[in-house]
Amino acid sequence: MKINIGSENPVKVKAVKNAFGKYFKKVVVQGKKTDSEARDQPLNLLEILNGAKSRAEKNFIDCQYSIGIESGIMSFPCDSGYMEITVAAIFDGTNFFLGTSPLFEYPKKAVQLLLQERDDVTTAFAKLFGKEKDLGRKQGAVGELTKGKIDRTKFTELAVMMALTKIVSKEFFE
């Protein structure tokens with residue numbers, strides 16, 4: 001089974017391989033750099049969803065499925081006012097199959113850096129944690145905030161698995 005993903009980020013590619021590999025035997029995942037048409041830091045669920053769908057649709061070329069994965073923050077009634085979510089959009093050439101990750105709250109300082117100082121996520125969390133500048137290609141903010149118990153690969157894999165439910169359990173959706 002060939003799957004195209006609208007990203008070359010190794011975390012996203014591995015998450016797709018892991019999720020599809022739980023259900024299908026021979027999985028080949030090809031990453032391709034793709035513009036999502038969303039801003040660098042999507043700030044609401046609709047922007048995140050549209051970015052994931054755009055990446056998936058643009059990459060449906062010579063494959064069984066293409067997938068777009070987009071992360072961002074959305075308004076939520078919590079202390080900081082924002083939670084992060086990842087949306088996975090699987091496309092079969094006709095239909096989209098959607099799933100999301102769990103949500104986690106962004107620290108107030110990170111929200112301030114994103115919204116007021118207009119930092120990107122990588123820069124904001126590098127300032128917040130005083131660590132590496134490339135969290136998005138490694139354990140991610142979720143890895144830092146969970147003390148390594150859930151890294152960005154697992155977080156993204158969960159979103160892909162939720163999108164796969166409508167494919168692997170299609171009899172319940174007909």
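One residue is enough: does segment 19-31 have a residue meeting the conditions closer than 26 Å to Ala110 by Cβ, in a helix (DSSP H, G or I) and either at pLDDT below 95 or not hydroxyl-bearing (Ser, Thr, Tyr) (or both)? Looking through segment 19-31, none of the residues is closer than 26 Å to Ala110 by Cβ, in a helix (DSSP H, G or I) and either at pLDDT below 95 or not hydroxyl-bearing (Ser, Thr, Tyr) (or both).
In segment 79-96, the residue that is surrounded by the fewest Cβ atoms within 10 Å (Cβ to Cβ) out of those that are out of contact with any Phe, Trp or Tyr (no Cβ under 8 Å at 6 or more places or on another chain) and touching a residue at least 12 places away in the same chain (Cβ under 8 Å) is Asp79. Remark: pairs (first residue in segment 137-157, on the phi > 0 side of the Ramachandran plot; second residue surrounded by fewer than 19 Cβ atoms within 10 Å (Cβ to Cβ) and modelled with pLDDT under 90; Cβ separation under 6 Å; 6+ apart in sequence or on different chains) are absent.
Select from segment 109-130 the residues that are small (Gly, Ala, Ser) and modelled with pLDDT under 90 and write down the one among them that is farthest from Glu70 (Cα to Cα). This residue is Gly130. Any idea which residue in segment 54-66 is nearest to the chain's Cα centre (by Cα), counting only those that are without any contact (Cβ under 8 Å) to a residue 60 or more places away in the chain and surrounded by fewer than 22 Cβ atoms within 10 Å (Cβ to Cβ)? Looking at residues that are without any contact (Cβ under 8 Å) to a residue 60 or more places away in the chain and surrounded by fewer than 22 Cβ atoms within 10 Å (Cβ to Cβ), I get Ser54.
If the condition is being among the charged types (D, E, K, R) and not in a loop (DSSP other than H, G, I, E, B), then segment 32-53 contributes Glu47, Lys53.
Kindly establish whether Ala56 is more than 30 Å from Val27 (Cα to Cα) and in a helix (DSSP H, G or I).
Answer is no for this residue.
The values are calculated or read from the model by the stated rules, or taken from the named source; none is laboratory data. Bear in mind that the values here come from a model prediction, so they are computed numbers and not experimental data. Note: ideal-geometry Cβ built from the backbone for every residue, glycine included; neighbour counts use all protein chains shown.
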